[in-house]
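J.: Below are the structure tokens for one structure; questions will follow.
Throughout, read-outs are computed from the coordinates displayed, never taken from laboratory work. Everything numeric in this text was worked out from a predicted model, so none of it was measured. Glycine also receives a Cβ, built like all others from the backbone with ideal geometry; neighbour counts cover every protein chain displayed.
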Amino acid sequence: MLVMGGVCSGQEITTTNYYNGDSYTGTRDVNQRRSGWGTFIWANGDRYDGEWKRDMPHGQGTLVWADGSRYEGHWEKGQRKGKGTYISSKGYSITGDWKKGSCTGKGYLSFGTGDTYEGDFVNGLFHGKGVRFFPDGRVYTGQFRDGHIAGKGSMQYPDGSSYEGEWDYDHYEGRGSFTDTNGVTTEGLYTNGKLYKTISQKQAKK
């Protein structure tokens, strides 16, 4: 381990090059732990710039992975926690509340293809209430579970038709009402996205 030093704004700035290829440039506390502000570069190309406390990212900081993905936001004891934004090298991004390294709470996800979701997250998955816009023009508003449409909600289709009722794993499942492009509403029982029992049918008033 090689250590070099300097002084900036009254704080000592040191650079430590570790034998495994990692390096750290920044301030340290009285016990020589990374603390304050600094940059850590891993041998694999990952890089963190931001605040530190007791050798862990803590406060505001940015982590850029070697593949170009990045997280900008708040950290606590080395984990993403608080408000932040993750931008993937694959084109999607998540902005919202983070806990234990994943989006948990309120968030907004953009797939970069016109497909977006805004609502509740648990462990990085859609879970709770939210709104999802699909690239083909469909809009779903309602409940989600473990990343899937599940529970009660409504889907608006680009052709003007719609479904409102119960869902499970992205399909109509249970009781619901489908309104076609002619204004005819069919209430019934659905399974795996298909009507298997009609309860009532009515034409919208003109």
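J.: To one decimal place, what Kirkwood hydrodynamic radius in Å is obtained for the chain from all pairs of distinct Cα atoms?
T.: On the way: mean 1/r = 0.0494 Å⁻¹.
20.3 Å is the Kirkwood radius here.
J.: Can you tell me the FRET efficiency between residue 180 and residue 141 if r is taken as the Cβ-Cβ distance and R0 is 25 Å, rounded to the nearest 0.05?
T.: Numbers: r = 19 Å, r/R0 = 0.78.
Efficiency, rounded to the nearest 0.05: 0.80.
J.: In terms of modelled amide H atoms, which long-range or inter-chain residues lie less than 5 Å from the amide H of residue 145?
T.: 128, 150
J.: Give me the log10 of I(q) over I(0) for region 91-203 at q = 0.11, 0.18, 0.21 Å⁻¹, as the Debye formula computes it from C-alpha points; what are the numbers?
T.: Evaluating at q = 0.11, 0.18, 0.21 Å⁻¹ gives log10 I(q)/I(0) of -0.39, -0.88, -1.07.
J.: On to the next question. Quick one: Karplus J couplings for region 80-85, per residue in order, coefficients 6.51, -1.76, 1.60, θ = phi - 60°, nearest Hz, x for Gly and Pro?
T.: With coefficients 6.51, -1.76 and 1.60, one gets 5, 8, x, 7, x, 10 Hz.
J.: Please turn the phi angles of region 106-118 into ³J(HN,Hα) values with the Karplus equation 6.51 cos²θ - 1.76 cosθ + 1.60 (θ = phi - 60°), one per residue in order, whole Hz, x for glycine and proline.
T.: 8, x, 9, 10, 10, 7, x, 10, x, 9, 9, 9, 9
J.: Sorted by mean Cβ packing within 10 Å, highest first, what order do the peptides 117-125, 25-33 take? Spell out each step's value before the answer.
T.: Values: 117-125: 18.3, 25-33: 14.2.
Going by the mean number of other Cβ atoms within 10 Å, highest first, we get 117-125, 25-33.
J.: Continuing with this model, one more query. Can you work out the Karplus-derived ³J(HN,Hα) for every residue in region 198-203? Use 6.51 cos²θ - 1.76 cosθ + 1.60 with θ = phi - 60°, whole Hz, and x for glycine or proline.
T.: 8, 9, 7, 8, 8, 9
J.: Using R₀ = 45 Å, calculate the FRET efficiency as 1/(1 + (r/R₀)^6) where r is the Cβ-Cβ separation of residue 11 and residue 66; round to 0.05. Present the calculation step by step, with values, prior to reporting the outcome.
T.: Values: r = 29 Å, r/R0 = 0.65.
E between residue 11 and residue 66, to the nearest 0.05, is 0.95.
J.: Show the residues, 5+ positions off or on another chain, whose built amide H is closer than 5 Å to the amide H of residue 122.
T.: The list, which skips near neighbours in sequence, is 105, 127.
J.: Does region 67-148 come out rounded, prolate or oblate by the C-alpha gyration tensor, with a ≥ b ≥ c the root eigenvalues, rounded set by a/c under 1.5 and, if not, prolate when a/b is larger than b/c and oblate if not? Show your work: numbers first, answer last.
T.: Working: a/c = 2.69, a/b = 1.41, b/c = 1.91.
Taking the square roots of the gyration eigenvalues as a ≥ b ≥ c, region 67-148 is oblate.
J.: Within the set 77/106; 106/205; 129/194; 129/202; 152/202; 129/197, which residue pairs have Cα atoms separated by over 31 Å?
T.: Details: 77/106 21 Å; 106/205 39 Å; 129/194 24 Å; 129/202 29 Å; 152/202 22 Å; 129/197 28 Å.
In this structure, 106/205 exceed 31 Å between Cα atoms.
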